1. Please give the per residue accessible area of region 202-274, computed with a probe of 1.4 Å over protein heavy atoms only, in Å².
2. Counting only residues 5 or more places away or on other chains, whose amide H sits under 5 Å from the amide H of residue 237 once H atoms are built in the peptide plane?
3. Counting only other residues whose beta carbon sits under 9 Å from that of residue 156, what net charge do I get with K and R as +1, D and E as -1?
4. Local charge sum around residue 264 (other residues, Cβ-Cβ under 12 Å, Lys/Arg +1, Asp/Glu -1)?
5. Could you check the spin-label model distance between residue 149 and residue 276? Points 7 Å from the Cα along Cα→Cβ, value in nm.
6. Send over the Kirkwood Rh of region 74-149, from the inverse of the averaged 1/r over different Cα pairs, rounded to one decimal Å.
7. With labels modelled as points extended 7 Å from the Cα through the Cβ direction, what inter-label distance (nm, one decimal) is found for residue 261 paired with residue 131?
8. What is region 211-294 by shape, rounded, prolate or oblate, if you read a ≥ b ≥ c off the alpha carbon gyration tensor as root eigenvalues and call it rounded for a/c under 1.5, prolate for a/b larger than b/c, and oblate otherwise?
Amino acid sequence: MKKTLLISLGACAVLLAGCGKDDQPADSSTTVNDDIGTDGESGTDGDSGTSSVGDSGTDGTTGSNDDGVSFVPTDDFATVSECDPFMQDCPDGEKCVPYASDGGNVWNANKCVPVTGDGAVGDPCIWGGIVEATDDCGPESICWDVMDVEGQQIGVCTEYCGGTADAPTCPAETSCIIINEGSINICITNCDPLLQDCGMGLGCFWANTAFSCIFTAGEIPTGEPCGYINDCAPGNLCADATTLPACAGSACCTPYCDLVSPTCTVMGTECASFFEEGMAPPGYEDVGVCVLPA
């Protein structure tokens, strides 16, 4: 069983509507710029850092799964952290991990926990839950992409971002996502939104400054209201309503498209570049999204 968390961004690119409640609304431009801040929150599974986003909810309500765990913007919570996940400034034999400081179902702070295992990055792991927040990964990683497997929370040891919040670093083919006001920072595999080349249960969503493999949760179809970046079914973007011909909420799911062979199934939309002119990273020059004509 997959856990559910919501990913919201602290700063949103034009068109991108998967934001926290204090984020700027997307404007009506038909290109998406690259101004997503590295401090943006992401919505993913409310348990181990699974990068899956929970259900929609443009009103800031949480998306949740059968286990009652969800990922939402942390602006509504008092953040009481005793350590820094970038600095990893815990005593010897401990590591800095995210947890729910209020005993609830939302990561909103960091604490030091004992390092109880030696799992390397990529190894399977067992997670102790959002309050206890322990795992059997080594000191350089946390248990992420967690799923319920016969009553155990099984995930994958995932590397912390290096560097700083202003200048995070990750290995090649991965990017740093910084979520829930910085309580989580991990290196997530990069992907292509046109190919949707992530593993089972994952979608290719824009998070922070790159397209990354993130757990899906809502599976909201094209044209339906959404509220977080991983709300929509893979292949769709949660876009601001002002960029779409018809949307029953403040944002709705709209498909990505290939600028080389543009096809948009949503009546009244056309394929526009996701990035501003000249700003697309190498390999992403053909990524477009179906929105109203400029």
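The values are calculated or read from the model by the stated rules, or taken from the named source; none is laboratory data. Keep in mind that this is a model prediction, so the values were computed, not measured. Positions of Cβ are backbone-derived with ideal geometry, glycine not excepted, and every protein chain shown enters the neighbour counts. Note: areas computed on protein heavy atoms with side chains; ligands, DNA, RNA excluded. Shrake-Rupley method; radii C 1.70, N 1.55, O 1.52, S 1.80 Å.
1. Working: 2390 Å² over 73 residues.
Spelled out: the 1.4 Å probe surface of region 202-274, per residue, equals 33 Å².
2. Under 5 Å from the amide H of residue 237: 254, 256.
3. Details: positive: none; negative: 123, 145.
Summing Lys/Arg as +1 and Asp/Glu as -1 gives -2.
4. Working: positive: none; negative: 258, 270.
Within the 12 Å Cβ shell, the charges total -2.
5. With each label placed 7 Å out from Cα toward Cβ, I get 4.4 nm.
6. Details: mean 1/r = 0.0787 Å⁻¹.
Evaluated over region 74-149, this radius sits at 12.7 Å.
7. Going from the residue 261 label point to the residue 131 one covers 5.3 nm.
8. Working: a/c = 1.86, a/b = 1.22, b/c = 1.53.
Since a/c reaches 1.5 but b/c is at least a/b, the shape of region 211-294 is classed as oblate.
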